Amino acid sequence: MKNNDAADDPGTTHFGFQTVDRDQKESLVRGVFDSVASRYDLMNDLMSAGIHRLWKRFTIELSSVRPGQTVLDIAGGTGDLAAKFSKLVGPDGRVILADINDSMLRVGRDRLIDLGAVGNLQTVQCDAQELPFPDDSVDCITIAFGLRNVTDKDRALQSMERILKPGGRLLVLEFSKPVSPLLEKVYDAYSFRVLPLMGQLVANDPDSYRYLAESIRKHPDQETLQEMMEDAGFVSCEYHNMTGGIVAVHKGIKA
Amino acid sequence: MTGRHDPTVVTAVLVAAEAAINRGLELDPTSARDLADMAGTVLAIDCLSPEIEVFAIVEETGRLHLTPYWEAPADVRVRGELTDFLALATAEDPAATLINSDLEILGNTSPLLALQALVSRMQPDWEAPLVDALGDVAGHQLANLLRGIFRWGQASSKSLRRQLSEFILEEGQLSPPAAELEHFFEQVTALGLRVDRLESRLQRLARRLAAQR
Ligand SMILES: C[S@@+](CC[C@H](N)C(=O)[O-])C[C@H]1O[C@@H](n2cnc3c(N)ncnc32)[C@H](O)[C@@H]1O
């Protein structure tokens, strides 16, 4: 089950439905998030009618994060999860908001300062495939709507496993496969018709939102992602479908 | 655990209830103080039908946190049917209701009674806390829905109970009714077609303009 993301040629990968060079994907993904950063939060609300907040809240419940712990939110973007974690871990804990994209991080940092969540919070620009943190140093890692953008997901999962403390947990919140074929049909129509249109109207950027819709389809389904987590060394892996499987949250524990 | 219910729906209901209760607390300092004295208390509500487990946790700030998922053990556990819980929530004499109902209680009842007192006194304002929690789009819609249910429920608290059980049972399954999905799908397709037509019209216009130059 290795290299789920790669197309048949090992030097290429997917960018939405296009097949591109592996090196190229990173800069294409960066382009997408550079261009959506300033409108990102508004678009999130519009695209999901606010439901992404419920998905995130449930993910935070599953984290069982306690005061004093260290939490890494990788691909954290504008900091939705990090803001909540900052409250949960309290003054003795630590939250790292990490993202590969500087524009997203900057929006996130400003927003977190506005929310007053800075004392225990730091931002780090880094790549999920090569996390620059010591082994066994983090209690909980979350990655929300980020894994599908990562070129080598297996490498990213291994990197997360390495830095988690034994018993620490990983939560992956990501688009997945709707359980009912009818729901899948509706959802397809929504994401390929409505999303680019909304992207056009609100952010004047239909291409980025078309990429978002396409990358959702290329992402591994529930069972595949669970196997990938097990391959990376996680144990007690399980997932919860949300909104009929449009989104799933996967949980894995470092042995 | 969320069992077979979709966590999105369960979370939505809990976010709404939590927001309303905490709003109620802001307006009711006595209950708020009672509750703050119990900071750290975990109350497990174990509903048998629909089958769902909810935890109410008293935070340090005296606010209440409702969650479908909690790993530490609970201080009190109440088990029963949804109708029993709703009867207790609206009871004027909660102690008597507790004794006479089929609710099964494990542990100390005082947090349960404090919570009951709070909920039964509540005049919830749904809008502001929901918009805070969910943003304008979903928050406003959910507030409208709840206002409707609540207003209607105050007129008849028996039918509120029935309605609410049905609502939760039905939503809990969350395979959206096929007819509704089909309708939505048709609308989306129609929208797509309109966009396509608009696009080709624009292209025709552009060509005509180019030809005129
Ligand atoms: C859709 S956003 C999600 C943001 C936030 N977690 C949320 O849920 O709102 C995806 C984020 O993944 C980041 N990203 C993409 N590839 C990455 C990588 N290899 N390492 C770290 N972050 C990455 C992007 O910069 C972007 O901010």
(request) Output yes when any residue across the stretch A:171-188 is closer than 30 Å to A:Phe234 by Cα and in contact with a Pro (Cβ under 6 Å, 6 or more places away or on another chain), and no when none is. (result) yes
(request) Scan the helices (runs of 4 or more DSSP H) fully inside the stretch B:1-97 and keep the ones with 3 or more residues being touching a residue at least 40 places away in the same chain (Cβ under 8 Å) and at the interface with chain A (Cβ under 10 Å from one of its Cβ atoms). (result) B:7-26
(request) Go through the stretch A:57-91 and count every residue that is assigned to a loop (DSSP other than H, G, I, E, B), more than 9 Å from the ligand (Cβ to nearest atom) and either at pLDDT 95 or above or within 16 Å of A:Leu170 (Cβ to Cβ) (or both). (result) 4
(request) With respect to A:Val247, determine if the residue is within 14 Å of another protein chain (Cβ to nearest Cβ), more than 20 Å from A:Ile143 (Cα to Cα) and at pLDDT below 95. (result) no
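One line per residue, one yes/no per condition, for (1) crowded, with 20+ Cβ neighbours inside 10 Å; (2) at pLDDT 80 or above; (3) within 11 Å of another protein chain (Cβ to nearest Cβ):
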position	(1), (2), (3)
A:Asp154	no, yes, no
A:Lys165	no, yes, no
A:Glu184	no, yes, yes
A:Ala189	no, no, yes
A:Gln200	no, no, yes
A:Asp205	no, no, no
A:Ala213	yes, no, no
(request) Report yes if A:Gln158 is more than 13 Å from the ligand (Cβ to nearest atom) and under 16 Å from the mean Cα position of the chain (by Cα), otherwise no. (result) yes
(request) Please enumerate the residues belonging to the stretch B:60-74 that are modelled with pLDDT of 90 or more and among the charged types (D, E, K, R). (result) B:Glu71
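Select from the stretch A:50-80 the residues that are among the polar types (S, T, N, Q) and away from chain B (no Cβ under 11 Å) and write down the one among them that is nearest to the chain's Cα centre (by Cα). It would help to see each step written out before you state the result.
Going through the stretch A:50-80, the residues among the polar types (S, T, N, Q) turn out to be A:59, A:63-64, A:69-70, A:78.
Narrowing further to those that are away from chain B (no Cβ under 11 Å): A:69-70, A:78.
On the way: A:Gln69: 21, A:Thr70: 18, A:Thr78: 11 Å.
Across the stretch A:50-80, the extreme among qualifying residues is A:Thr78.
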(message) Being more than 14 Å from chain B (Cβ to nearest Cβ), surrounded by 18 or more Cβ atoms within 10 Å (Cβ to Cβ), away from the ligand (no atom under 12 Å from the Cβ) and in contact (Cβ under 8 Å) with a residue 40 or more places away in the chain is true for just one of A:Val138, A:Val107. Which residue is that?
(response) A:Val138
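Any residue at all in the stretch A:45-56 that's of a type outside the set (Lys, Arg), under 30 Å from A:Lys165 (Cβ atoms), at pLDDT below 95 and more than 12 Å from the ligand (Cβ to nearest atom)?
Step one: filter the stretch A:45-56 for residues of a type outside the set (Lys, Arg), giving A:45-52, A:54-55.
Remaining after also requiring under 30 Å from A:Lys165 (Cβ atoms): A:52, A:54-55.
Add one more test, that the residue is at pLDDT below 95, and what stays is A:52, A:54-55.
Checking the rest, the ones that are also more than 12 Å from the ligand (Cβ to nearest atom) come to A:54.
Yes, there is a match, as at least one residue in the stretch A:45-56 is of a type outside the set (Lys, Arg), under 30 Å from A:Lys165 (Cβ atoms), at pLDDT below 95 and more than 12 Å from the ligand (Cβ to nearest atom).
The values are calculated or read from the model by the stated rules, or taken from the named source; none is laboratory data. None of the values given here were measured: they were computed from a predicted structure. So basically every Cβ, Gly included, is an ideal-geometry build from the backbone, and we count neighbours across all protein chains shown.
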